[in-house]
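These notes concern the structure reproduced below.
None of the figures in this text is laboratory data; all of them are computed from the coordinates on show. Remember, it's a predicted structure, so these values are computed and weren't measured experimentally. With ideal geometry, Cβ positions are generated from the backbone for all residues, glycine too; neighbour counts draw on all protein chains shown.
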C-alpha cells in the first residue's frame, strides 16, 4: 500500500511539472533558490548611460567618463529602466542586504517578513524600490544612533563628574572674595583713625582682594567651560534619543516596529533577495 501511495504521488508531481499552460505552470526560478547576483554596475537607460555610483531614496547617481550626471529620481525612470537598475551590482546590493554588526536573530526574521510584505504592497516598481531604500536608510540610521548613545551618555556623566570640583573651587573662591572685601572695609575704617600702619594694612587688604578676585575670575572661566561641556554632552544624549524616537515613529508608519525608548536593540543583518529576484524574472 505504501508503495502504491508513493507511485501515485510521483505521478501527481510529474503531471504538475508537465501540465498544460495555466495548470501548475513551472516557474523559471527553482523554489528556494536565488538568481545570480549582478556583478557589474554598467547601466544603460532610455536617456542616460553610465556606472551606478549612488542609489538611495532620492534617486540614482551615474558616472560617465569621470563626470557625475545629474541625479535621476525614480519617478523619471520607465519600468524597463527600473528593471535594468535591478541588474546592477550596487542597486541589487542596496535593495537586498542590510549589514549589521549584530547577530542574526528571530527579530530580524520578523523584519525581513515585514519588508517583503511592504515590497509586495507597492503599487509600482518605482514605489517598491524607493520605499525599500527609505526603510533601509532609517534602519541604518537607527543602528548608528543607538550605537553612539552609550558613548554620549558616558561622556555626559564624566563631564558632570569633572565639573563638580571645578564648581566647588569657584564657590570657595567666591567666598574668599567676600571675606577679602570685608577685610578691605575694615582696613578702610581703621585707616581713618590710624597712621602709617593702618594705611599699609589697607593697601595689603586691597592687594589681597585683587588677587582673590583674579582667582575667582579664572575659576569662573574654568567653571563656565566645564559646565558648557556638560550641557553640550547632555544635549547630545537628548538629540540621540530624539532621533531614535523619530526614526521609530517613521518606521512604524511603514509597519515596522522598533523601540523608540530604552532599552534599545540593534537591527540584525537582513537578507531580502527573494522578492527582488522575483521582480527580476517578472518580465
- prompt: Quick one: Kirkwood hydrodynamic radius for region 149-264, alpha-carbon pairs, angstrom, one decimal?
  reply: 18.1 Å
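Using the Cα atoms of region 59-218 to build a convex hull, what is its mean projected area in square nanometres? Display every interim value, and only then the final one.
On the way: hull surface 78.2 nm².
One quarter of the hull surface, i.e. the mean projection, equals 19.6 nm².
Kirkwood Rh over Cα pairs of region 85-143 into Stokes-Einstein at 25 °C, 0.890 mPa s: D in µm²/s? Walk me through the numbers on the way to the answer.
On the way: Rh = 12.3 Å.
D = 200 µm²/s.
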message: With the crude spin-label approximation of a point 7 Å out along Cα→Cβ, what separation in nm comes out for residue 197 versus residue 265?
response: 8.3 nm
- prompt: Got a sec? How would 85, 237, 144, 44 order by Cβ neighbour count within 10 Å, fewest to most?
  reply: 44, 144, 237, 85
query: By counting other Cβ atoms within 10 Å of each Cβ, how are 240, 117 ranked from fewest to most?
result: 117, 240
- line: Here the equivalent ellipsoid of region 208-269, derived from its Cα gyration tensor, has semi-axes (largest first, whole Å) of 47, 9, 6
query: Ranking 74, 254, 68 by Cβ neighbours within 10 Å, fewest first, what do you get?
result: 68, 254, 74
